[in-house]
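Written below as structure tokens is the structure these notes are about.
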Amino acid sequence: MPLTYTIVNGILKVDIFITINTYLIILSTIAYYNELYLSILFIKIIERMRKMDNNFMLIPTVMLNKLAITEILNCNEITSRYGLLLSKAQVQDLVVTRAESLSSNGRIEFAGGIINKLIIEFCDSPFISQYNYANTLNELIEIFYYFKNETLDEISDDDLILLMKEYFDVNCKGSIELLQNRELEALAHNIRYGVSDYEDVYKDEYEDAYEYENQYEDMENFYGGQNYDKEGNYDE
């Protein structure tokens, strides 16, 4: 990073200019490894520059989006084996969906690899065809960021994507609605309540637990709020 300096009223003032190449190297490294500590390091670099009151250049959002679009289009080389291809217009829609999902869920993300990971993980699903490919990806992006919040970030990105794929193919038979409103809701419920095997969200088991809790609440209401435990025994 080039440095220039001036002396103003006897005070040394240092200006740092970050070049396009340096910025892209940092972003590419973060996107490739997708590690939290690299993102934190990058944020610290930016904050340090701001505190130094310098005139450094940030890459416009348009350029970052172009980088993301290129990376996503490169996935076509892999997905074409399954008869799935994305046009540039469809990829642009995915990038917009990602930006809107991050904003609506109050999240910030420097690495842009989530879309790529979703594409690579889901491209071999028997329930995805060229006809529903782009729409499914848009919905999966929205679901991913929403449930990153709902699961309290207790699950890594990779693990959440793996669970989404398993539920989508096995439990939900390709139904996005069931994935979002049943399996992932149950997953978030299990994590919030400290269930050890939180990934076990089979519908019957989840419904049994839900009905059990409702029966207990009905018992309390029936006996006028008296102290009855979950076995129906009076607790003085």
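The values are calculated or read from the model by the stated rules, or taken from the named source; none is laboratory data. Computed from a predicted model, the values in this text were never measured in an experiment. Using ideal geometry, Cβ is built from the backbone for each residue, glycine included, and neighbour counts are taken over all protein chains shown.
Scan segment 185-200 and report the pairs whose first residue is modelled with pLDDT under 95 and aromatic (F, W, Y) and whose second residue is part of a helix (DSSP H, G or I) and surrounded by fewer than 19 Cβ atoms within 10 Å (Cβ to Cβ), with Cβ atoms within less than 9 Å and a gap of 6+ or a chain change.
From segment 185-200, the pairs are Y198/H189; Y198/I191.
Quick check on my filter: what residues within segment 123-156 are in contact with a helix residue (DSSP H, G or I) (Cβ under 9 Å, 6 or more places away or on another chain), over 25 Å from R81 (Cα atoms) and acidic (D, E)?
If the condition is that a residue be in contact with a helix residue (DSSP H, G or I) (Cβ under 9 Å, 6 or more places away or on another chain), over 25 Å from R81 (Cα atoms) and acidic (D, E), then E142, E150, E154 are the ones that fit.
If a residue counts only when it is of a type outside the set (F, W, Y) and within 11 Å of the chain's Cα centre (by Cα), which helices (runs of 4 or more DSSP H) contained entirely in segment 107-203 have at least 3 such residues? Show your work before the answer.
Details: elements: 114-122, 133-150, 157-166, 184-192.
Filter on segment 107-203 gives 114-122, 133-150, 157-166.
Confirm whether S101 is touching an Asp or Glu at 6+ places or on another chain (Cβ under 7 Å), outside any helix (DSSP H, G or I) and surrounded by fewer than 21 Cβ atoms within 10 Å (Cβ to Cβ). Steps first, answer last, please.
Details: touching an Asp or Glu at 6+ places or on another chain (Cβ under 7 Å): yes; outside any helix (DSSP H, G or I): no; surrounded by fewer than 21 Cβ atoms within 10 Å (Cβ to Cβ): yes.
No: the conditions fail for S101.
Over 20 Å from the mean Cα position of the chain (by Cα), charged (D, E, K, R) and surrounded by fewer than 16 Cβ atoms within 10 Å (Cβ to Cβ), is that true of R81?
Values: over 20 Å from the mean Cα position of the chain (by Cα): yes; charged (D, E, K, R): yes; surrounded by fewer than 16 Cβ atoms within 10 Å (Cβ to Cβ): yes.
Considered against the rule, which asks whether it is over 20 Å from the mean Cα position of the chain (by Cα), charged (D, E, K, R) and surrounded by fewer than 16 Cβ atoms within 10 Å (Cβ to Cβ), R81 comes out as yes.
How many residues does segment 65-97 hold that are outside any helix (DSSP H, G or I), within 23 Å of Y145 (Cβ to Cβ) and touching a helix residue (DSSP H, G or I) at 6+ places or on another chain (Cβ under 7 Å)?
Here is the first cut: in segment 65-97, the ones outside any helix (DSSP H, G or I) are 74-75, 83-87.
In the following step, the residues that additionally are within 23 Å of Y145 (Cβ to Cβ) were identified as 74-75, 84, 86.
Now drop any that are not touching a helix residue (DSSP H, G or I) at 6+ places or on another chain (Cβ under 7 Å), which leaves 75, 84, 86.
Total satisfying the criteria: 3.
Assuming G224 fulfils every condition listed in (1) surrounded by fewer than 14 Cβ atoms within 10 Å (Cβ to Cβ); (2) part of a loop (DSSP other than H, G, I, E, B); (3) at pLDDT 95 or above apart from one, which condition is it?
(3)
Given (1) at negative phi; (2) modelled with pLDDT under 95; (3) surrounded by fewer than 17 Cβ atoms within 10 Å (Cβ to Cβ), identify the lone condition not met by V95.
Against the list (1) at negative phi; (2) modelled with pLDDT under 95; (3) surrounded by fewer than 17 Cβ atoms within 10 Å (Cβ to Cβ), V95 comes up short only on (3).
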